[in-house]
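A short write-up of the structure that comes next.
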Amino acid sequence: MKRIKSDLLFQNANRVIPTGIYGHMAPGAGLPLDFPHFCSSGKGARFTDVDGNEWMDFMCGFGAVLHGYRHEAIEQAVQKQRELGSVFNQPHFLMVELAEKLVELIDFADWAVFAKNGSDLTTWAIRVAREKTGREYIIKAKGAYHGVDAWCDPGMGGRISSDREFVLEFEWNNLQQLESLLVNHSNQVAAVILTPYHHASFGPSELPSVGFWKNVEMLCKQHDAALVLDDVRCGWRLDDSGSHNYFGFCPDLAIYSKALGNGYAISACVGKDKFRTSAADVFLTGSCWNDAYAFSAALASLQISRENLVAKSVLEKGKYFCSKLEEVGQEYGIKLKMTGVPSMPYPWIEGDEDLYQIQGLCKFAAAEGLYFHPHHNWFISNALSYEDLDQALFIAKKALGKFVEQ
Amino acid sequence: MNDLITSKTLPLWAAARSIYGCGVECLSAKNSQSLVPRILPSGEFSFGTSLIFSPKSFVKVIEGGFALPKIRYFLTAPTGTFRSVINLARVGKVYRSPSQIKEIHGMLNGSLEAICCYLNHHLVAKKAFHDESSRTLTFEIKGMQRKWLIKMDGSNGWQVGACSSLDRASACLAFNDIEVAKNAALGALDSWLSLTNAEIILSGRIPLLDKFGYVSRIAQNEVPRPGR
Ligand SMILES: Cc1ncc(COP(=O)(O)O)c(C=O)c1O
């Protein structure tokens, strides 16, 4: 793949932006010599980088896009709103419509609030749980990502020792550990915050073991701790009404973002009635949080999800793609396993603890225009047709052949 | 000696280990022995058997590019001290302008030694590497046999050593050529840019390299070097 403008732009970026590109899109987090640094446009399941290379997309803006780039109905809704305005002195009335929609859609939800990022509301939700319980401790799964704030971010800088003083961790699926933490910190745990399944980067995803969620729910009830579902990444990719339905449990609070606005910045937290007063007492606002463009995008996105059964669709497409890709791997003697749920699979090669093989495989895929990420779960865009998937499989086979040859 | 390495003495201890690490690559075994560093209970730093600096004068020596100020040390001059002084000056010259391959290797080895000190003694670094004790890191210069391995060595903590070109570590950092390695060792490389123009290639367990990079930036900030 040609990469001239990308590199030049990166040089400029590096002058005016610390590290050029930060966070999970920083060059070092992926394949800096094989992925583009900057994009220019996208449509459906394809995007173009600044050098004009077209890529078939398996990352969906790291999950922020579910229905495909520039989905027509969503763009139309936003365009309509653009003629009216985005941020005013008081919230736009679409905020109420969206809250009503979420309360109608999500079975346990009695109220909803909005912000811009997942992190805004994962942090706010644990504060609501603290307010409600009057307790300090939060329990999370080890290695789980819940955002950029100091209590949970994966970076190393800017921390002080008290940041995580009240954050406890257990190994995903280890109910005994979770119970010990709750018992050892009896009457001190405000909330257990978990993702629907464990989708950490740099390692295979882990589904909940049989009975895991029912037991977590029970333990939280027993210990009067709020069960907070971080559905930021999975939301609308497992179920059109919240991922708790997919695994059959009921949280107290849940946070959504990413797919909610299909590329327009919005996050939401919904909760049960019993948290309403505490929610009212934990301050919440942001400069552009009452953004009517994002509200309109989210409303359109939710409608598309519902009408087209999008979660079911991406799960089925993912299942088709993952099983075929595993078969291709087998043909070449590569023990590739697509872990997690099929709509957002994490590629794991048996015995490849240190990731050299998956890095090699993704490098060859990138050379053919497939954006396969070596370290993060992929996302299946609903804009991918079965023909697209077959095309991707054909290209992947070519890439794997080259990888094995090398 | 561990008790003597505190957040206050660590930068100078790392500098001392770095000097020794550089000497090991550039000097004969006998000469490099004359640079084995220690921290004394008095808080002074010694090289070899008898060259001793107070922290203040050690900083001066380093920052002055190893141009030893009128040296009192070997007025009482046992030959061991003299040898240490000469070898310190030799390493100082390498630090100022490494040119030969073995000198660049020396600089690199010295930098890795300094970072290992941080891995072993810096509170934040120790915490970051707490879960990584079973993992290893290699550093290599493309096209060259010489490779460096950083691994946990029991009670000795994180250590840098040589490894065979067949060894595959948990993560690998490769310099594209000797010039890049030199600039990296001199702290003159923009690491973010280097990643995108193939001067530096990372592979393997990237989070381990991320942590290592973070610790190396702390060390680079704190450890005195010539000309700073
Ligand atoms: C599970 C999960 N929680 C929280 C967040 C944070 O969301 P944001 O990046 O929008 O702040 C993310 C983002 O990737 C996520 O995947």
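None of the figures in this text is laboratory data; all of them are computed from the coordinates on show. These numbers were taken from a predicted model, which means no experiment stands behind them. All Cβ positions, even for glycine, are placed from backbone atoms using ideal geometry, and neighbour counts span all protein chains on display.
Spacing of the modelled spin labels on residue A:175 and residue B:167, each 7 Å from Cα toward Cβ, amounts to 4.5 nm. Tell me whether the stretch A:209-347 comes out rounded, prolate or oblate; compute the Cα gyration tensor, take square roots of the eigenvalues as a ≥ b ≥ c, and use a/c under 1.5 as the rounded threshold. Judged from the Cα gyration tensor, the stretch A:209-347 comes out oblate (a/c at least 1.5, b/c at or above a/b).
Once the Cβ-Cβ distance between residue A:319 and residue B:2 is put in as r, and R0 is 45 Å, what FRET efficiency do you end up with, to the nearest 0.05? That gives a FRET efficiency of 0.25.
In whole Å, how far is the Cα centre of the stretch A:127-189 from that of the stretch A:276-349? Taking the Cα centre of the stretch A:276-349 as reference, the centre of the stretch A:127-189 is 25 Å away.
With the simple spin-label model, which puts each label point 7 Å out from Cα in the Cβ direction, the residue A:79 to residue A:327 separation comes to 4.1 nm. By the beta-carbon count within 10 Å of each Cβ, the least crowded to most crowded order of A:82, B:225, A:233, fewest first, is A:82, B:225, A:233.
Each label point was placed 7 Å from the Cα along the Cα-to-Cβ direction; for residue A:337 and residue B:153 their separation is 3.7 nm. Specify whether the C-alpha gyration tensor of the protein assembly as shown places it in the rounded, prolate or oblate class, a ≥ b ≥ c being the square roots of the eigenvalues: rounded for a/c under 1.5, otherwise prolate if a/b is larger than b/c and oblate if not. In terms of gyration-tensor shape, prolate. 3J(HN,Hα) couplings calculated from phi for the stretch A:191-206 with the Karplus curve 6.51 cos²θ - 1.76 cosθ + 1.60 (θ = phi - 60°) are, in sequence order, 7, 10, 10, 9, 8, x, 9, 8, 10, 5, 7, 6, x, x, 6, 10 Hz; Gly and Pro show x.
The string of couplings for the stretch A:134-140 from the Karplus curve (6.51, -1.76, 1.60, θ = phi - 60°) is x, 10, 9, 6, 10, 10, 9 Hz, one whole number per residue in order, with x for Gly and Pro.
Summed over qualifying helices (DSSP H, 4 residues or more, each -39500 (n - 2.57)) and divided by its residue number, the protein assembly as shown shows a 222 nm mean residue ellipticity of -13000 deg cm²/dmol. Rg then Dmax, both in Å and based on the Cα atoms of the stretch B:119-222: 13.4, 39. Going from the fewest other Cβ atoms within 10 Å to the most, the residues B:52, A:160 appear in the order A:160, B:52. Full extension of the chain segment joining residue A:277 with residue A:15 gains 89.6 nm, where the gain is 0.36 nm per residue of separation less the Cα-Cα distance.
Which of the trypsin sites (Lys or Arg not before Pro) found in the stretch A:133-172 are loop residues per DSSP with 15 or fewer other Cβ atoms within 10 Å of their Cβ? Loop-located and lightly packed - A:142, A:159. Extension gain for residue B:177 to residue B:190 (0.36 nm times residue separation, less C-alpha to C-alpha distance): 3.2 nm. In this structure the amide hydrogen of residue A:117, modeled in the peptide plane, comes within under 5 Å of the amide hydrogens of A:267, none closer than 5 places in sequence on its chain. Using the Cβ-Cβ distance between residue A:183 and residue A:149 with R0 set to 30 Å, the FRET efficiency works out to roughly 0.65. Sorted ascending by nearby beta carbons within 10 Å, beginning with the fewest, B:166, B:12, A:66 become B:166, B:12, A:66. Between the Cα long axis of helix B:10-26 and the first principal axis of chain B there is an angle of about 80°, rounded to the nearest 10.
A straight chain from residue A:86 to residue A:100 at 0.36 nm per residue would run longer than the Cα-Cα distance by 3.1 nm. With a Förster radius of 45 Å applied to the beta-carbon distance between residue A:43 and residue A:214, the computed FRET efficiency rounds to 0.55. Under the rule a/c < 1.5 gives rounded, and otherwise a/b versus b/c splits prolate from oblate, where does the stretch B:2-96 land using the Cα gyration tensor? Rounded shape, in that the Cα axes give a/c under 1.5.
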